[in-house]
Amino acid sequence: MRIFNRIKKKIRRRLAAAFVAGLMAFSGGFGTVSASEVINVTLDETIQRAFENNRTIKESVAEREQAFWSLSEARRQSNPQITWDLSGQKFGGDYYRNYSYHRSFTNSAGVSVPIYQGGRLKEGRKYARYGLTTADLSLENTMQTIRLQSTIYYFDVLQYRNLIEVYEEEVVTLQEHLRNVNAQFRVGTVAKVDVLESQVELANAMQNLVNIQNQYDVAVAELNNYIGLPADTIIRPQDTLSYRPYNLNLGDCTAYALENRADAAMADYAVKQAESSIRSAKAGWRPSVNGSVSKGFTNENLFSGKLTDQWTVGVSASWNLFDGGITRAQVNQAEAALNRAQEIAAQTREQIQLEVQSAFLQLHAAEKNIATTQASVVLGEENYKIAQVRYAAGVGTNLDVMDASRKLTEARSNYFTALYNYNTARASLERYMGVPVEIDVVRYVASEEEGKTAAESREDAALNADAAEVPETDEVAPVVLIDFENSNVLPSETVEREMTRDTAFK
């Protein structure tokens, strides 16, 4: 069996090497990890690695910085604008024949200030501020999603590791049974068909083990990729799938989610932005007033000649009394956008309730299955022992033993699957409830409504000192290729060797 596994995995390596080559290295807060290095990780460390290296979070940080500068641009629209104009020209011809100069140089500076724009500038600032708030909430929402997904990937590895152990134990059990059948066949107490049936059953079990080992390797590669490690890094999870009761009821979970989900608050701010767009569009019906000051000099010759200065101070106003219905169309468009935003906000809350309810029901279904499958494992072990004793005594058949073995393996698999489903459902429920990662959404919204800046709102809502800091974008990390052309073991081979060693000490 082990030789067969090695051959299969060697072929898999060569196929992968035909498509990818190079060296992948990871550099982060936990130090440098080279390809095929074996590292021990806990669930908390896995999540932290994902926060530091996942590209989706970096995209959200960049989006937040973009929103910050959009707000900065909106605020600067009300600032005075200073211009400086410098021009020179040469002219001639019959028209200018009697002129005493044929060159002119002008140097002027001016200041213009928007005094009143019908409320457009004020609403532009509000719109941009809501956009920055949405970006902060979006970053928190993304981090909650990353926490859930990295948790599920981590649990996938734990689940396949448990299943490897189940199928390893099945193979060992069937190997021992085949030896007993061969011994009885040699003394003539059983027929050849029992030997053949046992060999076929063992081969099927070995095939199942190979498939689970392959799924374990894929799960490790997916986890490594998600948290920023080389795909062929061998990780050793330090946690186990366990059962811890969850005592909240559905009503409490739903109420908490509706109040704390970041995407619900984001939908509300989309409505506020739409309302601000309506007020901004209505500014087209109001006059606009601008003030200006200018000072200039005109010289007939750059180096000599008469120098003439002039200055102006004025106020200009314009009022578009009829624009052909353009403003009305813009207002109608903004009102339609508001209706859409309101529908999206309502739909978001309906979706939140559905997600919480689904995760809650899955959690309790898995909780019930844990007790049921645990009892099935005990019964399956007892059933297998009875089948073995009956077969050794000659009152049972070989098919009874193999059937009992399959049922025992199925019971063990179902037990670990129930544990996996319970833990993933619990992680999903916490995500759908909006359990915070860095900032408390309720406190952040309250701080924003008080008129505080985004940085002050983050500080008020921060769960820790690091979360209070304004996130900044990093340099884009290079894309690297994976080197599978090496002699190091695959993750499943490491698990297999560890289990063999543990079995030897029992």
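The values are calculated or read from the model by the stated rules, or taken from the named source; none is laboratory data. Please read these numbers as outputs of a predicted model, since none were measured by experiment. In this analysis, Cβ positions are derived from the backbone assuming ideal geometry, glycine residues included, and neighbour counts consider all displayed protein chains. Calculation scope for accessible area: heavy atoms of the full protein, side chains included, ligands and nucleic acids excluded. Shrake-Rupley method; radii C 1.70, N 1.55, O 1.52, S 1.80 Å.
If you roll a 1.4 Å probe over the heavy atoms of the protein chains, what accessible area per residue do you get for the stretch 186-339, in Å²?
54 Å²
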For this session: Report the calculated FRET efficiency for LEU399 and ALA375 (r = Cβ-Cβ distance, R0 = 22 Å), to the nearest 0.05.
Result: 0.30
Exercise. To the nearest µm²/s, what D does Stokes-Einstein give for the stretch 361-450 at 20 °C and 1.002 mPa s, using the Kirkwood radius over alpha carbon pairs as Rh?
Worked result: 132 µm²/s
Exercise. Considering only protein heavy atoms, what is the solvent-accessible area of LEU178 at a probe of 1.4 Å, reported in Å² to the nearest 10?
Worked result: 30 Å²
For this session: Please list PHE105, PHE68, PHE322, PHE360 in order of solvent-accessible area, largest first, computed with a 1.4 Å probe with all protein chains present.
Result: PHE322, PHE68, PHE105, PHE360
For this session: Would you mind getting the accessible area per residue of the stretch 38-175, heavy atoms of the protein chains only, 1.4 Å probe, in Å²?
Result: 52 Å²
For this session: For the stretch 338-398, compute Rh as the Kirkwood radius over C-alpha pairs and then the Stokes-Einstein diffusion coefficient at 10 °C and 1.306 mPa s; write the answer in µm²/s, rounded to an integer.
Result: 100 µm²/s
Seminar exercise, completed: Row for the stretch 126-169, column shape: gyration tensor on C-alpha, a ≥ b ≥ c, rounded if a/c < 1.5 i.e. under 1.5, prolate if a/b over b/c, else oblate; value prolate
Problem set entry | Whole-number D in µm²/s for the stretch 226-363 (Stokes-Einstein; Kirkwood sum over Cα pairs; 25 °C, 0.890 mPa s) | 109 µm²/s
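What's the local net charge at VAL195, with K and R +1, D and E -1, over the other residues with C-beta under 12 Å away? Could you put the intermediate results ahead of the total?
Working: positive: ARG179, ARG186, LYS192; negative: ASP194, GLU197, GLU201.
Taking every Cβ under 12 Å from that of VAL195, the sum is 0.
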Problem set entry | Alpha carbon centroid spacing (whole Å) that separates the stretch 102-156 from the stretch 199-233 | 46 Å
